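Enquirer: Questions regarding the structure given below will be posed in turn.
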Amino acid sequence: MKRQLLIVSVLTGLAQLAAFFKLWFTAHIFGVSSELDGYNLALVTPTLISGLLSGLLQVGLFPVRSKIGTTGPAAETAAFDRTVWWGYAALGALLVGILFLLSGWLGTVIVPVNQTATLTAFLSVMPLAAFLVAIGMMTDCSGYILAMRGSFLTAASAPVANGLLGGIMLAVWPQGGLDCLIWGTVCGAALQLAICVYRFQRISFHLLGPLAIRDRRPFKEISRLGAWALPGVAFSNIAVSLPPIWAASFGEGAVSAFGYAYRLHLSAVQLLVMASSTMILARFSELVAVGDTQSVRRLLKKAALLSLGLGICAIVGVASLGEYILTLLFSGKFDGDAAEKVTQLWVWLSVGLGFNLLGNVFAKLWQAQARPILLSLMGGAGLMMLCLSYFILRDFVGEQTIAIAITCSSISGVLLGIKFLNPPKRKL
């Protein structure tokens, strides 16, 4: 596992470099602007929907699939995986159509009425952004299937191609503006999905073949576990979607500034934990299945110490070097004022980095233990703290309140989660 974890970490690092490659061109071309505000706000709903449904699938799929994979024949396992994939593809296509039809109405709901330029950009981007719902769902589902078949590296390496394609399109066609940015995003996501699907053939898993439609018990179990986890997954995804909407209330450019800071913060999270989270979940599932409690505790202890150390390093690094690095790296429309504004947000987000990392590890353990109700409790506590912090502090701190609220949310989730680390005699 250590060797796989190292390789996945390297690939994730390359993926973040590719994402930064695209971010550099984005900052150079758009800076902190109403155009980029509209683009970021247009991605809120597709990201929320695909994240919600992918999270529900992950909660129910891994425990059920582990049982099928260890007790059933290979053909039965392949039919089950195939049915899940095609079912998710059909659902994603349906949601794309619905979101496409509702794009105009969403603009009036999400974008403040006095920001005409932002609304224009939103309406320009939204029809194409709708396709990201299906693409994101199918990519996540493909990654889960690959992980359960021991092919962790493809899911970790495919985002490299995604970021590179989006960045190359901006480099070649900068005058395309928003059209180039959204087309690069959609094409990059489609390429990432295509790489995962191509890997299916390399591991002898074929999407065309018999489906597992007779025995509905596994799918009912997935639905049951997903239903228990629905509040938690919904809370978590809503907590991610609210900050950019709140940022829009602070005027034009605020969404862009928050978007840069959150993108940089999220890159650290992706690099340190999220890319290996599927592998961690698979490892926890194996240990829980055989009752190896000691190994689970050792893994948790290592995760806690590592999260603490990385969190401290992030705070010191961003506070001392963040503005200098942004000014040095970015150029064009991304000026010194933009660097200062983004750094202030980035510092507060970094305060919660260690808690964010550890909270993700807790969530994977509870998924492996089939205790989805804890995901709901943790997600609910985090969302409640996010909202309370924001509404209490927004009149005193300004737009930095959003980053502070996100950090408070991460801290509260971990503090609550510590109480439930040991599984009870009767599982929640």
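The values are calculated or read from the model by the stated rules, or taken from the named source; none is laboratory data. Computed from a predicted model, the values in this text were never measured in an experiment. Cβ atoms come from the backbone with ideal geometry, glycine included; neighbour counts cover every protein chain shown. Protein only, heavy atoms only, side chains kept; ligands, DNA and RNA dropped before computing areas. Shrake-Rupley method; radii C 1.70, N 1.55, O 1.52, S 1.80 Å.
Enquirer: Near residue 217, within a Cβ-to-Cβ distance under 15 Å, what is the net charge of the other residues, with Lys and Arg +1 and Asp and Glu -1?
Expert: +3
Enquirer: For the chain, what percent of Cα pairs sit more than 37 Å apart?
Expert: So the portion of pairs separated by more than 37 Å is 21 percent.
Enquirer: Expressed in nm to one decimal, what extension gain is obtained for the pair residue 329 and residue 201 from 0.36 nm per residue of sequence separation less their Cα-Cα distance?
Expert: Residue separation times 0.36 nm, minus the Cα-Cα distance, leaves 42.0 nm.
Enquirer: Take every Cα pair under 8 Å in the chain that's 6+ residues apart, average their separations, divide by the length, and report that relative contact order as a whole percent.
Expert: Relative contact order here is 24 percent.
Enquirer: Over the chain, average the accessible area per residue using a 1.4 Å probe and give it in Å², no decimals.
Expert: Value returned for the chain: 45 Å² of accessible area per residue.
Enquirer: Using a 1.4 Å probe on the protein heavy atoms only, what accessible surface does residue 252 show? Give it in Å² to the nearest 10.
Expert: 110
Enquirer: Ok, one more. With +1 on the Cβ of every Lys and Arg and -1 on the Cβ of every Asp and Glu, and nothing else charged, how large is the dipole of the stretch 253-427 about its Cα centre, in debye rounded to the nearest 20?
Expert: In debye, rounded to 20, the stretch 253-427 gives about 1080.
Enquirer: On to the next question. Beyond 32 Å between alpha-carbons counts as too far, so tell me which of 22/220; 67/302; 220/301; 220/302 fall in that bin.
Expert: As for pairs spanning more than 32 Å Cα to Cα, those are 22/220; 220/301; 220/302.
Enquirer: Work out, step by step, the length gained on full extension between residue 113 and residue 94: first 0.36 nm times the residue separation, then minus their alpha carbon distance; give nm to one decimal.
Expert: Here the segment from residue 113 to residue 94 would lengthen by 3.9 nm.
Enquirer: Tell me, in nm to one decimal, what length is gained between residue 223 and residue 67 on full extension, where the rule is 0.36 nm per residue of separation less the Cα-Cα distance?
Expert: 54.6 nm
Enquirer: About its Cα centre, what dipole magnitude does the stretch 22-159 give when the only charges are +1 on Lys and Arg Cβ and -1 on Asp and Glu Cβ, stated in debye to the nearest 20?
Expert: So the dipole magnitude of the stretch 22-159 works out to roughly 320 debye.
Enquirer: Which percent of the accessible heavy-atom area of the chain goes to carbon and sulfur, probe 1.4 angstrom?
Expert: Ligands and nucleic acids excluded, carbon and sulfur reach 68 percent.
Enquirer: In addition: What size of dipole, in debye to the nearest 20, comes out for the chain about its Cα centre when the only charges are +1 on Lys and Arg C-beta atoms and -1 on Asp and Glu C-beta atoms?
Expert: It comes to approximately 2160 debye.
Enquirer: Which of 341, 333, 302 moves most in a GNM of the chain, Cα contacts under 10 Å?
Expert: Looking only at 341, 333, 302, the biggest GNM fluctuation is shown by 302.
Enquirer: Please report how far the C-alpha centroid of the stretch 39-70 lies from that of the stretch 107-162, rounded to the nearest whole angstrom.
Expert: 12
Enquirer: Given 53, 366, 111, which one lies farthest toward the positive end of the charge dipole of the chain, if we put +1 on the Cβ of every Lys and Arg and -1 on the Cβ of every Asp and Glu?
Expert: Looking along the dipole axis, the top candidate is 366.
Enquirer: Net charge around residue 154, counting only other residues with Cβ within less than 14 Å of its Cβ (Lys, Arg = +1; Asp, Glu = -1)?
Expert: Charge balance in the 14 Å sphere: +2.
Enquirer: Something else: Dividing the convex hull volume of the alpha carbon atoms of the stretch 253-427 by its residue count, what do you get in Å³ per residue?
Expert: So the per-residue Cα hull volume is 112 Å³.
Enquirer: Toward the positive end of the charge dipole of the chain, about the Cα centre and with charges on Cβ (Lys, Arg +1; Asp, Glu -1), which of 190, 334, 299 goes farthest?
Expert: Value: 299.
Enquirer: Also, I was wondering about something else. Name the residue, out of 282, 261, 304, whose mean-square fluctuation peaks in a Gaussian network model built on the chain with Cα pairs under 10 Å.
Expert: Evaluated over the chain, the most mobile residue of the options is 304.
Enquirer: What is the local net charge at residue 284, summed over the other residues whose Cβ is closer than 11 Å to its Cβ (Lys, Arg +1; Asp, Glu -1)?
Expert: Here the charged neighbours net out to 0.
Enquirer: Using a 1.4 angstrom probe and counting only protein chains, how large is the accessible area of residue 168 in Å², to 10?
Expert: The value for residue 168 is about 90 Å².
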